[in-house]
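Trainee: Please read through the structure below; I'll follow up with questions.
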Amino acid sequence: MTLRVRGVEVFLRQVRTRMPFRYGKAEVTGQPYAHLRVRTDPAATGVSAAALPPLWFDKRPGLTHEDTVRDLIRSVAIAAEVYQGMSASTPFELHRACEIEARRRAVGERMNDLTAGFGVALLDAAIIDAACRGARRTFHQGLKEDLFGVGADFATLVPDRPLPRIAVRHTVGLSDPIYGSEVLTPVRDGLPETLAEVVQVYRPHWYKIKLSGDADATLDRLRKIALVLDRDAGEYEVTLDGNEQFQAMAEVADLVRKIEGRPWLRNLWERTAWIEQPVTREESLVAGVTAAIKKIWKPVIIDESDGTDEAVDRALALGYQGISAKNCKGVYRTLHSYRRTVKTGAILSSEDLMNIPVVPLHQDLCVAAALHLTHSERNGHHYIRAFEYFSPKEKEAAIREFPELYTSKRPTVQIYNGAIDVSGINEFGFGVCSEPDWEFLEKLSLP
């Protein structure tokens, strides 16, 4: 399919968290979600959405959440202008033709790689959605039939059918209460608040534990988490996420030695599948990391270092064993990483930057299902009661269109035996049926 972008509109949905979510040096108590509406020729409308979180895309000292939100929206504005100036082409060729210029202009305004690519990622997702709607094909069908122009060779790598269910990898944030005595301000909304309650209610098999750069504090927190998981979570598995809290990989290797030396962490460590982005992006892809990675004895993967398509090859060459997949970094970035990892046996980990219903959650899960990423970090449903920030029209549409995914009495994501039913998401284009209620959202004038 070939198409041309003829209009881009950007809207914001402001939300508050039901409890703080702390990762690295950031604490989220509320954040906006950018929603795009893209109109194309031939006539079709595509949508996309993503969170604008504090101190993830850009962690340079001195920046505020407001600074990063401004830069992310400016990244979208640059991409919108570049894409609208391009003649008709396939979705992937549009991406290839526009990304270089959009990044050049964004970097010229002192944006880092992740921020510079954010606007491109949102435009690409909306264009993919428009292509699916216009062709009346699902995202998985689009990959298998080369609707987007990625290449017939890529279609042969994609599994024959998307996954109908995806296991939840529950996030344990740095400030999350582990058990009831740690709850200082109870939410009392009927949903799990502590890790102990999450284990009992959602029954996850997978958990993702946030690490701090303080080794003693990390060891103590891991001890508390292990007490709960070892007692109640059965044959669980975990991943550890450093969120760039360590300055050098040697510090990570030292922490690993301490973990291995604690008998009470032996079971948790044996069940640890990998460690994600422990070192700052500036120090993570330098030659010196290789020797330290070899001392860790668990796979180490990158996330925030994945600012360009070249990152996955650099990482694998240095001894990393995988990379994360996030729509906010770009659907085509994920497809590129999939091509590399599926051929080498490396890890492609589905990760969540607090995605909420409907658009960001569905499109993210749609990619994971198509590529058979069997478990995915999910945290938006835990920290945000998203439907409180929806119009009645949006709530009704989501419950009607995805009854397998959302409870009807008090809408929230349904998790059974640690997994989400994505069968309905797989049936609608790029995971979304009805468009957002645009009149309910805040429309922006792009800078």
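The values are calculated or read from the model by the stated rules, or taken from the named source; none is laboratory data. Remember, it's a predicted structure, so these values are computed and weren't measured experimentally. Methodologically, a virtual Cβ is constructed for each residue, glycine included, from the backbone with ideal geometry; neighbour enumeration extends over all protein chains shown. For the accessible areas, the whole protein counts, side chains as well, though only heavy atoms, and no ligand, DNA or RNA atoms are used. Shrake-Rupley method; radii C 1.70, N 1.55, O 1.52, S 1.80 Å.
Trainee: From Val76, Val82, Val47, Val107, grab the single residue that is of a type outside the set (S, T, N, Q), within 23 Å of Asn379 (Cα to Cα) and at pLDDT 95 or above.
Mentor: Details: Val76 fails: within 23 Å of Asn379 (Cα to Cα); Val82 fails: within 23 Å of Asn379 (Cα to Cα); Val107 fails: within 23 Å of Asn379 (Cα to Cα).
Residue meeting the stated conditions: Val47.
Trainee: May I pose another question? Name the residue, out of Arg137, Arg133, Arg96, that is in contact (Cβ under 8 Å) with a residue 24 or more places away in the chain, of a type outside the set (Gly, Ala, Ser) and assigned to a helix (DSSP H, G or I).
Mentor: On the way: Arg137 fails: assigned to a helix (DSSP H, G or I); Arg96 fails: in contact (Cβ under 8 Å) with a residue 24 or more places away in the chain.
When all the criteria are applied, what remains is Arg133.
Trainee: I'd like to verify a number: residues in region 161-182 that are closer than 26 Å to Ser212 by Cα, open to solvent by 40 Å² or more (accessible area, probe 1.4 Å), of a type outside the set (S, T, N, Q) and in a loop (DSSP other than H, G, I, E, B), how many?
Mentor: First, the residues of region 161-182 that are closer than 26 Å to Ser212 by Cα: 167-182.
Cutting the leftovers down to open to solvent by 40 Å² or more (accessible area, probe 1.4 Å) gives us 175, 179-182.
From what is left, the residues that are of a type outside the set (S, T, N, Q) are 179-180, 182.
Keeping just the survivors that are in a loop (DSSP other than H, G, I, E, B) gives 179.
Within region 161-182, residues that are closer than 26 Å to Ser212 by Cα, open to solvent by 40 Å² or more (accessible area, probe 1.4 Å), of a type outside the set (S, T, N, Q) and in a loop (DSSP other than H, G, I, E, B) number 1.
Trainee: All but one of (1) of a type in the set (Val, Ile, Thr); (2) touching a strand residue (DSSP E or B) at 6+ places or on another chain (Cβ under 8 Å); (3) open to solvent by less than 10 Å² (accessible area, probe 1.4 Å); (4) closer than 28 Å to Leu405 by Cβ hold for Val342; which doesn't?
Mentor: With respect to (1) of a type in the set (Val, Ile, Thr); (2) touching a strand residue (DSSP E or B) at 6+ places or on another chain (Cβ under 8 Å); (3) open to solvent by less than 10 Å² (accessible area, probe 1.4 Å); (4) closer than 28 Å to Leu405 by Cβ, Val342 is out only on (3).
Trainee: In region 208-216, is there at least one residue being surrounded by 23 or more Cβ atoms within 10 Å (Cβ to Cβ), touching a residue at least 60 places away in the same chain (Cβ under 8 Å) and among the aliphatic types (A, V, I, L, M)?
Mentor: Checking region 208-216: at least one residue is surrounded by 23 or more Cβ atoms within 10 Å (Cβ to Cβ), touching a residue at least 60 places away in the same chain (Cβ under 8 Å) and among the aliphatic types (A, V, I, L, M).
Trainee: Run down Phe148, Phe154 and say which single residue is in a helix (DSSP H, G or I), within 17 Å of Arg339 (Cα to Cα) and either at pLDDT 95 or above or of a type outside the set (Phe, Trp, Tyr) (or both). It would help to see each step written out before you state the result.
Mentor: Numbers: Phe148 fails: in a helix (DSSP H, G or I).
Going through Phe148, Phe154 in turn, the sole match is Phe154.
Trainee: Consider Arg266 against the criteria (1) in a helix (DSSP H, G or I); (2) basic (Lys, Arg); (3) crowded, with 19+ Cβ neighbours inside 10 Å: it satisfies all of them except one. Which criterion is unmet?
Mentor: (3)
Trainee: So, in region 275-309, how many residues would count as being open to solvent by 20 Å² or more (accessible area, probe 1.4 Å), outside any helix (DSSP H, G or I) and either among the acidic types (Asp, Glu) or closer than 23 Å to Phe57 by Cα (or both)? Walk me through how you get there before you give the answer.
Mentor: So in region 275-309, the residues open to solvent by 20 Å² or more (accessible area, probe 1.4 Å) come out as 281-283, 285-288, 290-291, 294-295, 297-299, 308-309.
Checking the rest, the ones that are also outside any helix (DSSP H, G or I) come to 285-288, 294-295, 297-299, 308-309.
Now restrict to residues that are either among the acidic types (Asp, Glu) or closer than 23 Å to Phe57 by Cα (or both): 285-286, 308-309.
The total comes to 4.
Trainee: Here's a follow-up. In region 317-345, what residues are aliphatic (A, V, I, L, M) and under 15 Å from Ala126 (Cα atoms)?
Mentor: Val331, the sole residue that qualifies.
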